[in-house]
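Just so it is clear, none of the values below were taken in a lab; they were calculated from the coordinates. These figures come from a predicted structure and were not determined experimentally. In this analysis, Cβ positions are derived from the backbone assuming ideal geometry, glycine residues included, and neighbour counts consider all displayed protein chains.
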Amino acid sequence: MRWTRLTLVITEAFVALSALVAGAMFVAEPSGRLMGMTEVTLARSPFRNYLVPGIVLFMVVGGTQAVAAWAEMRRWPRAGWLSVVAGAVLAGWIAVQVAMIGLGHPMQPSLFVAGVVIAGLGWRRRGGGK
């Protein structure tokens, strides 16, 4: 189980950092310019700019990943369950993103797979704090 926990900590911390930085950049500049995006990308979505998606990316995606990584590092007994939730949130975020704006970046499938892997490894660890 040691490799599982280590894999979760590294993956969740990387995704958390990425989501927190990207979300903050979207909030700081809702046009998406800081991330090399344009508002045209949002034409098929209910959003006019990246403010709300940036807030969700920062708080929900980045937040769940950060909490799950922290719980794994602290060997919290329910860390596995938090990883299941964090992985499902990440995979869901990407699925909704692709449904709304389409498949436009190679990171989308990679992050979807990361979400599924995080959820799967979390499921394997659920209830175990070792």
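General remarks:
- Boolean, S18 is part of a loop (DSSP other than H, G, I, E, B) and either more than 19 Å from A95 (Cβ to Cβ) or of a type in the set (S, T, N, Q) (or both): no
- Looking only at residues of the stretch 19-33 that are among the aliphatic types (A, V, I, L, M) and closer than 19 Å to G87 by Cβ, we find that the one that is surrounded by the fewest Cβ atoms within 10 Å (Cβ to Cβ) is L20.
- Applying the criterion of being of a type in the set (G, A, S) and surrounded by fewer than 19 Cβ atoms within 10 Å (Cβ to Cβ) to the residues of the stretch 1-18, the residue that is nearest to I118 (Cα to Cα) is A13.
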